[in-house]
Amino acid sequence: MDSSLLKTETLQTQLNQLALLLRWQASRLGIIGKIGLGLLVAAGIYFFSAVLPQESTLLKLKERADILQMQALSKKIPGETETAKQMSGDQALQAFYDFFPRIDSSPFWIRELVQLAKKQGVELSSSEYRLINENDARLARYEMILPVKGRYPQIRAFMADALETVPAMAISAIAIKRENVTAENLEARLEINLYLNK
């Protein structure tokens, strides 16, 4: 028991001597030295509390980026990049125009829009259609004016589905009105352009 008490007293004496030595060294530093020492301690605390935890997050993100990059490289078709580089300007332009549906496919796309409206619960009224076929243009524009009725989420879902299903389509104008403040249903007038390859 005496030996443990002796060890405790020895340890206490050594700590007191160390504290005295630190106070003496701190008094030698002066005000600027004390500020510098304080900043050094604050920087150490910041490093261990903020920077070090973020480093592990950064490593996880880098690993995720490497995995995604490897997945993207594995999905590439061999020879795909060489073909794209070998296309001339005329070939690339032709590939662009080939993306658009043929001019005689407009009834199919109108049926698609009607089916999407039914799917979303949107009511289509009498629509107006007009084909604009300019002589010097490679694309024809099929203008459609679609008066629709429904709740706002239904109309919005219809527009989103239409743009996803018919990629050669653009909504050029939207006019929305409500009969009164309490009415759930809206009346919308959608002006849509469908671009077709001649």
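At q = 0.16, 0.19 Å⁻¹, what base-10 log of I(q)/I(0) does the Debye formula yield for region 112-173 when every alpha carbon is treated as an equal point scatterer in vacuo?
Treating every Cα as an identical point scatterer, log10 I(q)/I(0) equals -0.56, -0.74.
Mind counting lysine pairs for me in the chain? Cα separation below 21 Å, and the two need to be 8 or more apart along the chain or on different chains.
Working: LYS62/LYS75; LYS75/LYS85; LYS76/LYS85; LYS118/LYS149; LYS118/LYS177; LYS119/LYS149; LYS149/LYS177.
Value for the chain: 7.
Using 0.36 nm times the number of residues separating GLU9 and GLU112, minus their current alpha carbon distance, what extension gain do you get? Working shown, then result.
On the way: separation 103, 0.36 × 103 = 37.08 nm, distance 9.05 nm.
Using 0.36 nm per residue and subtracting the Cα-Cα distance, I get 28.0 nm.
At q = 0.10, 0.13, 0.18, 0.19 Å⁻¹, what base-10 log of I(q)/I(0) does the Debye formula yield for the chain when every alpha carbon is treated as an equal point scatterer in vacuo?
Values, matching the q order: -0.74, -0.96, -1.16, -1.23.
For region 82-198, just say rounded, prolate or oblate: build the C-alpha gyration tensor, square-root its eigenvalues into a ≥ b ≥ c, call rounded for a/c under 1.5, and beyond that prolate if a/b exceeds b/c, oblate if not.
Details: a/c = 2.86, a/b = 2.19, b/c = 1.30.
Because a/c hits 1.5 or more and a/b exceeds b/c, region 82-198 counts as prolate.
Counting each DSSP H run of 4 or more residues in the chain as -39500 (n - 2.57), what helix-only mean residue ellipticity at 222 nm follows after dividing by all residues, to the nearest 500 deg cm²/dmol? Don't skip to the end; give the middle numbers.
Numbers: 6 runs with 115 residues, N = 198.
After summing the helix terms and dividing by residue count, I get -20000 deg cm²/dmol.
Got the relative contact order for the chain handy, in percent, Cα pairs under 8 Å and 6 or more residues apart? Spell out each step's value before the answer.
Values: 183 pairs, mean separation 34.9, N = 198.
Contact order relative to length: 18 percent.
Can you tell me the orientation of helix 106-120 relative to the chain, as the angle in degrees between its alpha-carbon axis and the longest Cα principal axis, to the nearest 10?
The angle comes out near 50 degrees.
Å³ per residue of the Cα convex hull, for region 1-43?
Values: hull volume 2.5 nm³, N = 43.
Looking at region 1-43, the number lands at 59 Å³ per residue.
Tell me, what is the FRET efficiency for ALA160 and SER56 to the nearest 0.05, using R0 = 41 angstrom and their Cβ-Cβ distance as r?
Values: r = 39 Å, r/R0 = 0.95.
Efficiency computed from Cβ-Cβ geometry: 0.55.
Classify region 1-75 as rounded, prolate or oblate, taking a ≥ b ≥ c as the square roots of the eigenvalues of its Cα gyration tensor: rounded when a/c is under 1.5, otherwise prolate if a/b is larger than b/c and oblate if not.
Numbers: a/c = 8.25, a/b = 2.13, b/c = 3.88.
The shape class here is oblate.
Could you tell me the distance between the Cα centroids of region 106-121 and region 148-198, to the nearest Å?
12
Out of all DSSP beta bridges in the chain, what portion is antiparallel? Express it as a percent rounded to 5.
Numbers: 27 of 28 bridges.
Antiparallel: roughly 95 percent of the beta bridges in the chain.
For helix 152-165, what angle does its Cα long axis make with the longest principal axis of the chain, in degrees from 0 to 90 and rounded to 10?
For 152-165 against the chain, the angle is about 80 degrees.
Every number in this text was worked out from the coordinates using simple rules, so none of it is lab data. Note that this is a predicted model, so its numbers are computed, not measured. Positions of Cβ are generated from backbone atoms using ideal geometry, with glycine treated the same way; all protein chains shown enter the neighbour counts.
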